Structure formats: C-alpha cells, structure tokens
Amino acid sequence: MIPAIVLAAGKSSRMGRPKATLPLDGGDTFLTRIVRTFSEASVEDVVVVVGHDADAIVSSFADVNLVARFVDNPDYERGQLSSLIAGLRVVDRPGVNAVLMTLVDVPLVSAATIRAVVDRYRQTGAPIVRPVRGDEHGHPVLIDRSLFDAIRHADPAVGAKAVIRANVSKAGDVSVEDAGAFADFDTPEDLRRPRP
C-alpha cells in the first residue's frame with residue numbers, strides 16, 4: 001500500500017490566496033486536480049494536510065465526486081516538515097510500504113508520472129523515487145517507510161530535504177517528459193505563465 005500526502009497547509013502568502021482553491025481549466029481547483037490525478041493513477045488513500053484557511057479548503061472540496069481525507073496541522077507555521085509529519089501520523093500503519101508526497105503548488109503532474117514513480121519503486125526498492133528532467137527534480141516524491149523515522153526526527157529548520165537528498169540514487173530517479181511534474185506555482189505571475 002502506497003498512500004499519498006498532499007501538503008496544503010501553508011499561508012500561500014506570495015500567491016495572496018490559498019493555492020488549494022485556485023481554479024484550473026475544466027472546473028478543477030489545484031487540489032481537486034491533484035486528488036483526481038492520484039485517483040487516476042490508482043492511489044487509493046489520499047491525505048490532504050491543511051492548516052491556514054483549512055475551512056475554506058475543505059469546503060471547496062465538499063461538492064466534488066472525489067475521495068480524500070483531511071488532516072488539520074495546528075503547527076503549520078513551523079513549516080512543511082510539520083505537515084509531512086502530520087500526514088505520516090495518519091497514513092503510517094501496517095501494510096504501508098512507502099508514501100507519495102506532493103505539494104499543492106504542483107497541480108499539473110500526470111497520472112502517468114505518478115505510475116512511473118510507483119513502478120520504479122516496485123522494481124528497485126529505492127528509498128527515494130522522484131521524477132527528474134535533466135538537473136531538475138519534481139513531484140511527487142516517493143519516500144520508503146524505512147525513512148519515516150528519519151523524517152520525524154529531521155531538523156525543522158532544514159525540513160525533509162536533508163533526508164531526501166541523503167537517500168536519492170540513480171535507481172530512484174525516473175526520467176520523465178511531463179512538464180507538469182516540475183511546474184510549481186507560487187505567485188500570481190506564475191499563474192500567468194503558459195501552462196505545460
């Protein structure tokens with residue numbers, strides 16, 4: 001079992017409004033597109049970690065025909081690591097081999113990329129699996145359960161990045177042409193860029 005954690009707890013201060021509720025073509029929001037894509041990739045358990053504007057984000061999801069579990073992170077101002085740990089608390093149970101982690105800022109990743117990441121993990125057992133394109137690395141990032149404790153004990157000032165970087169490998173890097181895996185939206189200017 002490989003559940004997914006979507007980190008959507010931050011203030012979106014550079015964007016000026018919650019990224020999770022931003023509209024995309026086709027009637028989706030950032031969040032509904034991400035959950036829909038995980039569903040299309042046969043990820044059965046999607047946990048969305050919310051914090052700032054949690055009520056608005058949860059209510060924006062209420063009328064869609066998608067399934068996700070919401071977890072409130074009261075410590076969201078301590079950074080992304082606190083949200084990842086909050087998500088791990090919910091998904092970590094017997095039978096869970098790894099977790100897929102993504103940011104609500106990266107809504108355009110394809111189901112094919114998610115499947116490629118999961119397939120590479122099943123083939124290699126690499127502790128970190130992530131999409132790459134040249135020197136770029138994107139989302140989602142798959143984290144093997146053997147690293148869950150290291151994530152829980154990571155330095156909050158550095159976050160999960162140190163654990164991820166220490167465990168990347170050639171075996172775990174999946175080369176993809178999916179521009180959506182690398183398209184991160186942080187500011188209103190980013191929204192005006194042509195979409196991949």
Using a 1.4 angstrom probe, figure out how much accessible area the chain has per residue, in square angstrom, rounded to the nearest whole.
48
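Evaluate 2.2 N^0.38 Å with N set to the residue count of the range 53-109, then give the Cα radius of gyration divided by it.
Working: Rg = 12.8 Å, N = 57, 2.2 N^0.38 = 10.2 Å.
Taking N as the residue count of the range 53-109, the ratio is 1.25.
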Just HIS153, HIS139, HIS52 to compare: in a GNM of the chain, with alpha carbon springs under 10 Å, which one fluctuates most?
HIS153
Inverse of <1/r> over all distinct C-alpha pairs of the chain, i.e. the Kirkwood Rh in Å, gives 16.7
Multiply the residue gap between SER59 and ASN167 by 0.36 nm, knock off their C-alpha separation, and tell me the result in nm, one decimal place.
35.2 nm
Debye log10 I(q)/I(0) at q = 0.27, 0.32 Å⁻¹ for the range 88-141, Cα point scatterers:
-1.22, -1.34
Which order do you get for GLU40, GLU77 if you rank them by accessible area with a 1.4 Å probe, largest at the top?
GLU77, GLU40
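In the range 1-81, what percentage of the DSSP-assigned beta bridges are antiparallel, given to the nearest 5?
Working: 1 of 11 bridges.
Around 10 percent antiparallel, to the nearest 5.
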Between GLN123 and ASP75, what is 0.36 nm times their sequence separation minus the Cα-Cα distance? Round to one decimal in nm.
13.7 nm
Quick check on the chain: of the DSSP beta bridges with both residues there, what percent are antiparallel, nearest 5%?
35
ARG152 versus VAL96: modelled label distance in nm, points set 7 Å from Cα along the beta carbon direction
1.1
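The values are calculated or read from the model by the stated rules, or taken from the named source; none is laboratory data. From a predicted model like this one, the values you see are computed outputs, not experimental measurements. Because the Cβ atoms are built from the backbone with ideal geometry, glycine has one as well, and the counts that use them run over all protein chains shown. Please note that ligands, DNA and RNA were not included when accessible areas were found on the heavy atoms of the full protein model with its side chains. Shrake-Rupley method; radii C 1.70, N 1.55, O 1.52, S 1.80 Å.
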